[in-house]
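Visitor: Mind having a look at this structure? Questions to follow.
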Amino acid sequence: MGASSYNKVQASDAAAIEAIVGPRNVIFSDSERLEPFSHDETAEKRYASMPELVARPASTAEISKIMAYASSRKIPVTPRGAGSGLSGGCVPVFGGIVLLVDRMNAILEVDLENLMVVAQPGVVTNAINEALKKHGLWFAGYPMSLETCFLGGNVAENAGGGKAVKYGVTSRYVVGLEAVLASGEVIRLGGKLRKDVTGYDLLHLLVGSEGTLAVITEVTLSLMPIPRKKAVLLAPFAGPAEAIAAVPRIIREARIVPTSIEYMDRASILASCGYLNESIPYGEAGAMLLLEVEAESGDELFANYSAIGGVCEAAGAQRVYVADNRTTMERIWNVRRNIAEALKVRSPRQSIEDVVVPTAAIPAFMEGLFALAGEEEVEIPCYGHAGDGNLHATVVKPLAWSEEDWDERLHRILERLYRLTDSLGGRISGEHGIGNKRKEFIGINLDAATIALMRGIKGVFDPAGILNPGKIFPD
Ligand SMILES: Cc1cc2nc3c(=O)[nH]c(=O)nc-3n(C[C@H](O)[C@H](O)[C@H](O)COP(=O)(O)OP(=O)(O)OC[C@H]3O[C@@H](n4cnc5c(N)ncnc54)[C@H](O)[C@@H]3O)c2cc1C
């Protein structure tokens, strides 16, 4: 389907939406106020597209009415959370309505008997853990963008962050969903259940569906107890090859699953420290692993980090620095969390990737990446969730390249990067999703029969194709 398959939003449509959500909660024919909803955090402008109307519903009932109306008028609707996405997922490719869920931001219930939380999609992810802290509980599947992103966006992207090596990603914790279909019908899937095999697992089909199958209006998450003690280790290595080679040895030889095994190359560390005006121990290292370890007592913590530190040193770490006080741990994590932002400030023309390979293939991936960067004469700083095989290779535009050069060469570099990943048994996206940024490349990973099956599923959920069109599938 293309832009011509849809109707434009008319003044009469805007009036109908205003009647549902109230005039104060609609933006229409005001390009200055519409512009912020034309993009997410994907740096390249080519993925941006203006909405015709932004609606801010306050309830499931209002979303249901908007969807029914948009279906009847054949107007595209793109759900939007905080807009922190990195694949253009909430960008309204064919204009139409952006459905902003920021007013649906309540934590509806903290259920201490079942160890579950029920929340609306517009809750900032960190607010959930802040609310749970006093109960000694947390939602462990959150992404690194937790201070800005919304829960609905996490579910729609099946986000995963720096603790996935031990705790897994969002889908592990989603046990119940309420969602509105393109037709306006409201469905409820799962519930406060730890097991449920009643029919097809539609719940987990919606998790990671990037807003293309239904609008998520309520989420039930299962919770974990907050570990009593934790420590952060920094292990500097001579270079990337040495650091990456240590990763599989850590779990195998220490026989402990760290909460996090994060990798940072030299360019990423220097950029983030410079951006934050911060310094961390061994900040000049060729490459570094950041590991987080948990335990229930001080003695157990000491034993755990000593075992992991010992393996790192045996694997070639020059030193191992241990931080076990909150301030230092937070300073170190802050450097890791701000790498993306720091690289963006250094060069706004860049492409953050989130390819994923089997962990054993990381050394081969890094070798391929260095060769690719050398052949293409481009800088590709790399950092990320080494414990998951999920790496943020970031292609940065060299100053000398013209805009035309960049457009043409970036396409070729991405295609080569994705093919390298595929050749190692990996995928082009481990957490940021396909959106409109990677849709032309999905065929590198998925065969035609699989893509046809996915299109069929999309057609069953959304026969008129009005829900977040122009995403996931190649044009
Ligand atoms: C600095 C930085 C760090 C990041 N770190 C991580 C990380 O560690 N791990 C990770 O996985 N991601 C990370 N991200 C990417 C991003 O934050 C996540 O994808 C996040 O889950 C998006 O949430 P959002 O509310 O911003 O969603 P948006 O960007 O608004 O939307 C994302 C997608 O979800 C859909 N959507 C949003 N709300 C709904 C809803 N209620 N119903 C149906 N569909 C909906 C949209 O249509 C879109 O397709 C990072 C981004 C930045 C900028």
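Visitor: Do we have any residue at all in region 99-121 that's within 8 Å of the ligand (Cβ to nearest atom), assigned to a loop (DSSP other than H, G, I, E, B) and of a type in the set (Val, Ile, Thr)?
Guide: So far as region 99-121 goes, yes, one or more of its residues are within 8 Å of the ligand (Cβ to nearest atom), assigned to a loop (DSSP other than H, G, I, E, B) and of a type in the set (Val, Ile, Thr).
Visitor: A follow-up question, please. In region 378-411, which residues are more than 13 Å from Val355 (Cβ to Cβ), out of contact with any helix residue (DSSP H, G or I) (no Cβ under 6 Å at 6 or more places or on another chain) and not in a helix (DSSP H, G or I)? Talk me through it step by step, then tell me what you get.
Guide: Taking region 378-411 first, the residues more than 13 Å from Val355 (Cβ to Cβ) are 378-379, 381, 387, 396-411.
When the remaining residues are screened for being out of contact with any helix residue (DSSP H, G or I) (no Cβ under 6 Å at 6 or more places or on another chain), the result is 378-379, 396, 398-411.
Within region 378-411, Val378, Glu379, Val396, Pro398, Leu399, Ala400, Trp401, Ser402 meet the criteria.
Visitor: In addition: Assuming Glu284 fulfils every condition listed in (1) away from the ligand (no atom under 16 Å from the Cβ); (2) within 26 Å of Val357 (Cα to Cα) apart from one, which condition is it?
Guide: All conditions pass for Glu284, except number (2).
Visitor: Among Glu18, Glu41, Glu35, which is the only one that is within 27 Å of the chain's Cα centre (by Cα) and away from the ligand (no atom under 11 Å from the Cβ)? Show your work before the answer.
Guide: Working: Glu18 fails: within 27 Å of the chain's Cα centre (by Cα); Glu41 fails: away from the ligand (no atom under 11 Å from the Cβ).
Only one candidate passes the filter, namely Glu35.
Visitor: Quick one: would you say Gly95 is in a loop (DSSP other than H, G, I, E, B), modelled with pLDDT of 95 or more and within 13 Å of the ligand (Cβ to nearest atom)?
Guide: Working: in a loop (DSSP other than H, G, I, E, B): yes; modelled with pLDDT of 95 or more: yes; within 13 Å of the ligand (Cβ to nearest atom): no.
No; evaluated as a whole, the condition is false for this residue.
Visitor: In region 412-447, which residue that is among the basic types (Lys, Arg) and part of a loop (DSSP other than H, G, I, E, B) is surrounded by the most Cβ atoms within 10 Å (Cβ to Cβ)? First the steps, then the outcome.
Guide: To start, the set of residues in region 412-447 that are among the basic types (Lys, Arg) comprises 412, 416, 419, 427, 437-439.
From the residues that got through so far, the ones that are part of a loop (DSSP other than H, G, I, E, B) too are 437-438.
Values: Lys437: 27, Arg438: 23.
Going through the qualifying residues, I end up with Lys437.
Visitor: Any idea which residue in region 448-466 is surrounded by the most Cβ atoms within 10 Å (Cβ to Cβ), counting only those that are assigned to a loop (DSSP other than H, G, I, E, B) and within 16 Å of the ligand (Cβ to nearest atom)? Spell out the reasoning first.
Guide: Narrowing region 448-466 to residues assigned to a loop (DSSP other than H, G, I, E, B): 462-466.
Filter once more, keeping what is within 16 Å of the ligand (Cβ to nearest atom): 462, 465-466.
Numbers: Asp462: 21, Gly465: 18, Ile466: 26.
Going through the qualifying residues, I end up with Ile466.
Visitor: To continue, here is another question. Quick test of your reading of the structure: Glu62 fulfils all but one of (1) on the phi > 0 side of the Ramachandran plot; (2) within 16 Å of the ligand (Cβ to nearest atom). Name the failing condition by number.
Guide: Answer for Glu62: the failing condition is (1).
Visitor: Would you pick out the residues in region 122-168 that are more than 10 Å from the ligand (Cβ to nearest atom), among the small types (Gly, Ala, Ser) and closer than 21 Å to Glu294 by Cα?
Guide: Those that are more than 10 Å from the ligand (Cβ to nearest atom), among the small types (Gly, Ala, Ser) and closer than 21 Å to Glu294 by Cα: Gly136, Ala140, Gly168.
Visitor: Given the criterion touching a Pro at 6+ places or on another chain (Cβ under 6 Å) and either within 14 Å of the ligand (Cβ to nearest atom) or at pLDDT 95 or above (or both), identify the matching residue among Val232, Val215, Val207.
Guide: Numbers: Val232 fails: touching a Pro at 6+ places or on another chain (Cβ under 6 Å); Val207 fails: touching a Pro at 6+ places or on another chain (Cβ under 6 Å).
On inspection, the qualifying residue turns out to be Val215.
The values are calculated or read from the model by the stated rules, or taken from the named source; none is laboratory data. What you see is a predicted model; the values in this text were computed from it and never measured. Please note: Cβ atoms are built from the backbone with ideal geometry, for glycine as well, and neighbour counts cover all protein chains shown.
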